Amino acid sequence: MCLLCFTANAADSYVENTGAVGDGHVTIGPDYKVDPDLTDQGNPKGKTFTFSMPLAASKIFQGNDKTLEADKKPVRVERKITVYVPAAYKDGTKAPLLIIHDGPGPLGQVRNALDNLTISKDPARTLPAFVAVAVENGGNDGKNSERGLEYDTMSDRLARFIHDEVIPAVLSHAELKAAYPKFAFTENPWGRGVMGCSSGGAAALTMGWFRPDWFRRIIAYSGTFVDQQDDDAPEEAKYPLGAWEYHSGMKLIETSEVKPLRIFTHVSEKDNRANDAEETYHNWVMAGMRTYEALEKKGYHHRFVFSNGTGHCDKRVFEQTLADTLVWLWRGYKAE
């Protein structure tokens, strides 16, 4: 029996009434402030659990892929997993979950948002008691790195790693099981979100794109929707320009059937840019704007933020927008 599966019929029968509130294009800055809902307001705290997963024990990312240049870009021996179970979670219920790439990343802000908004009295500004699972990358960055392999590859490989290895490891973690003997995750793909920044943002969309049967709520800040896939990756045969194919080249978003996804994307005015000679394939701003336009044209439930005066994965953007982003992302979710 598969404890992590949700049948197609069950997923199809699940209906949310989200409306269009918050959808569309939002421009912010150049002045920024910290959202109080992302700060510690003294509300009841949940529990944090940490453990490590050796790369050598993985069946999917063992750290010895042929695309890697480990002598130049070292691979981690193990990756740290950090899990936050909010105080509002009731043991025995099937919790929704949010995967956070490059963990722990913004887990502190997500934790505060959960502490504050799971008990909110404002029905328009509330969060379900989802469990945050922050997953450390395998090491380094860019082409021929483990992180690049995990995040920039156009396939379902990362989705399979999270679904088949990370989630079961969380469910079997001894300390978590001792604290919550009846702990469970929802099998509903609408109860599973993914967030990340830069290549982690592209990876969030890729997980949903290739496996919407597992993950359907997507957050991508400063998404690397450019050609950063390993040149010698097998996926080059089908997706030669990597994540650039989402909006240009193959125009995957525009030419594919609409997938059951709810998607947030963001671009900073001063996001990563390569030199002018490579700008066609490496301009983050262009890629982010084209991704937004493709999602809008296709009719996705989509929220896009353009931030003036900010750089790549700028903390000011997170500090101002992350609570709003989470509220929008989970709008309409019905707990089991």
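The values are calculated or read from the model by the stated rules, or taken from the named source; none is laboratory data. As the structure is a prediction and not an experimental result, all values here were calculated from the model. Ideal geometry is used to build each Cβ from the backbone, glycine not excepted, and the neighbour counts take in all protein chains shown.
At a glance:
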quantity	calculated
Any pair with Cβ under 8 angstrom, 6 or more apart, that starts in the range 249-274 at a residue that is without any contact (Cβ under 8 Å) to a residue 12 or more places away in the chain and ends at one that is buried (at least 17 other Cβ atoms within 10 Å of the Cβ) and assigned to a loop (DSSP other than H, G, I, E, B)	Gly249/Leu241; Met250/Tyr239; Met250/Leu241; Ala274/Asn283
Within the range 258-296, considering residues that are of a type in the set (Lys, Arg) and modelled with pLDDT under 95, the one farthest from Asn308 (Cα to Cα)	Arg273
Qualifying residue in the range 82-103 (condition: aromatic (Phe, Trp, Tyr), part of a strand (DSSP E or B) and over 27 Å from Gln229 (Cα atoms))	yes
Top-ranked residue in the range 281-336 [being buried (at least 20 other Cβ atoms within 10 Å of the Cβ) and among the acidic types (Asp, Glu); ranked as farthest from Pro128 (Cα to Cα)]	Asp314
Within the range 117-164, considering residues that are of a type in the set (A, V, I, L, M) and assigned to a loop (DSSP other than H, G, I, E, B), the one surrounded by the most Cβ atoms within 10 Å (Cβ to Cβ)	Leu127
Considering residues of the range 165-200 that are acidic (Asp, Glu) and in a helix (DSSP H, G or I) only, the residue farthest from the chain's Cα centre (by Cα)	Glu175
Pairs, first surrounded by fewer than 24 Cβ atoms within 10 Å (Cβ to Cβ) in the range 194-223, second assigned to a helix (DSSP H, G or I) and of a type outside the set (A, V, I, L, M, F, W, C), C-beta under 7 Å, six or more apart	Pro212/Pro189; Asp213/Pro189; Trp214/His163; Trp214/Pro189; Arg216/Pro189; Arg216/Gly208
Residue count for the range 42-65, restricted to those that are assigned to a strand (DSSP E or B) and basic (Lys, Arg)	1
Some residue of the range 133-150 being in contact with an Asp or Glu (Cβ under 8 Å, 6 or more places away or on another chain), among the hydroxyl-bearing types (Ser, Thr, Tyr) and within 17 Å of Arg192 (Cβ to Cβ)	no
Residue check for Thr224: under 17 Å from the mean Cα position of the chain (by Cα) and assigned to a loop (DSSP other than H, G, I, E, B)	yes
Which listed residue is closer than 15 Å to Thr206 by Cα and either of a type in the set (Lys, Arg) or more than 19 Å from the chain's Cα centre (by Cα) (or both), from Lys334, Lys251	Lys251
